[in-house]
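Student: Before anything else, here's the structure in question.
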């Protein structure tokens, strides 16, 4: 088995580096407040510059999550009879080191994308520029969303394989209606089949318990930690969603109870596993994963932590219904230090 339970551990390691210094929710995310709530909309899409304009409708819900540190948006688009819905989950986060909002987007068509968001000087337009591979083609796009009072108008220009940009999609959403939230059923709604590379993660779906220790900083004393994690498939099986809750502990009694989640998918361009994770401590991370050895897995994560360049390598080794995990951290120009050890055990209750 090649589990993905490491993702919450990397998350814990990053979240606890600021032990005792948990920041307040970022003021910058208030720019997204006009997007919060339930929405319904409609518009048209063209699959080619000279193609027919097809109608679509959509529902979405955006809300603050993890004690207000992030914004989570679920979106479902209906194209017409006989066509599967397009479904998306996007998490918006404020990167304190680079001072910009990042959009982390995933879909039931296999999209896995991180991109910065930009606001115009008057704060009324939101711009998101992207580039990547879609169904074997190089595609570049530019989204422009105009934020009004209870209404959002958006347009998407697209260029495929270096061709002339054209208006690919346009529409309007209005506040209200039923909204939309992903459920367990979303694992069966596919725009395209999941990558075969993700099949190695299937045995990890279920309930897990964790016990171990970590160092909030490389030169700190060990802190005992424990918790539980639930792993499910969402978005047509393209994404594995990991929901983790920490246990109360005397070692962390002066901190809020840890909660977090992460999303895991396959990047067909970089040909590796990708993971992003978020916690109610205000930290978030991105990591890449590579199979190594006899069924093992190595995860790599690099970031600025409180202004210090930091790299974390997490190594997984497997047993029967258990996973042993170790993590080593390099901070600044210091030598590597073991900052994490633990074990996950499959729950039977």
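Student: Taking the stated definitions as given, is residue 72 in contact with a strand residue (DSSP E or B) (Cβ under 7 Å, 6 or more places away or on another chain), under 25 Å from residue 273 (Cα atoms), at pLDDT below 90 and not assigned by TED's automatic domain parsing to the domain that holds residue 250?
Tutor: Values: in contact with a strand residue (DSSP E or B) (Cβ under 7 Å, 6 or more places away or on another chain): yes; under 25 Å from residue 273 (Cα atoms): yes; at pLDDT below 90: no; not assigned by TED's automatic domain parsing to the domain that holds residue 250: yes.
No, not satisfied.
Student: Given the condition in a loop (DSSP other than H, G, I, E, B) and at pLDDT 90 or above, answer yes or no: does some residue in the stretch 150-161 qualify?
Tutor: Yes.
Student: Is it fair to say residue 112 is more than 18 Å from residue 270 (Cβ to Cβ), surrounded by 12 or more Cβ atoms within 10 Å (Cβ to Cβ) and either in contact with a helix residue (DSSP H, G or I) (Cβ under 9 Å, 6 or more places away or on another chain) or in contact (Cβ under 8 Å) with a residue 60 or more places away in the chain (or both)?
Tutor: On the way: more than 18 Å from residue 270 (Cβ to Cβ): no; surrounded by 12 or more Cβ atoms within 10 Å (Cβ to Cβ): yes; either in contact with a helix residue (DSSP H, G or I) (Cβ under 9 Å, 6 or more places away or on another chain) or in contact (Cβ under 8 Å) with a residue 60 or more places away in the chain (or both): yes.
Considered against the rule, which asks whether it is more than 18 Å from residue 270 (Cβ to Cβ), surrounded by 12 or more Cβ atoms within 10 Å (Cβ to Cβ) and either in contact with a helix residue (DSSP H, G or I) (Cβ under 9 Å, 6 or more places away or on another chain) or in contact (Cβ under 8 Å) with a residue 60 or more places away in the chain (or both), residue 112 comes out as no.
Student: Going through 172, 130 one at a time, which residue ends up being in contact (Cβ under 8 Å) with a residue 24 or more places away in the chain, assigned to a strand (DSSP E or B) and under 30 Å from residue 188 (Cα atoms)?
Tutor: Numbers: 130 fails: in contact (Cβ under 8 Å) with a residue 24 or more places away in the chain.
It is 172.
Student: Show the residue pairs meeting these rules: Cβ distance below 7 Å; 6+ apart or different chains; first residue within the stretch 320-347 and under 17 Å from residue 215 (Cα atoms) and in the same structural domain as residue 246 (by TED's automatic domain parsing); second residue part of a loop (DSSP other than H, G, I, E, B) and modelled with pLDDT of 90 or more.
Tutor: Pairs found: 328/336; 329/336; 330/336.
Student: Here is a further query. Quick one: would you say residue 330 is under 20 Å from residue 97 (Cα atoms) and either surrounded by 15 or more Cβ atoms within 10 Å (Cβ to Cβ) or at pLDDT below 90 (or both)? Walk me through it before giving the result.
Tutor: Details: under 20 Å from residue 97 (Cα atoms): yes; either surrounded by 15 or more Cβ atoms within 10 Å (Cβ to Cβ) or at pLDDT below 90 (or both): yes.
Judged against the criteria, residue 330 is a match.
The values are calculated or read from the model by the stated rules, or taken from the named source; none is laboratory data. This one's a predicted model, so the numbers in the text were calculated from it and none came from an experiment. With ideal geometry, Cβ positions are generated from the backbone for all residues, glycine too; neighbour counts draw on all protein chains shown.
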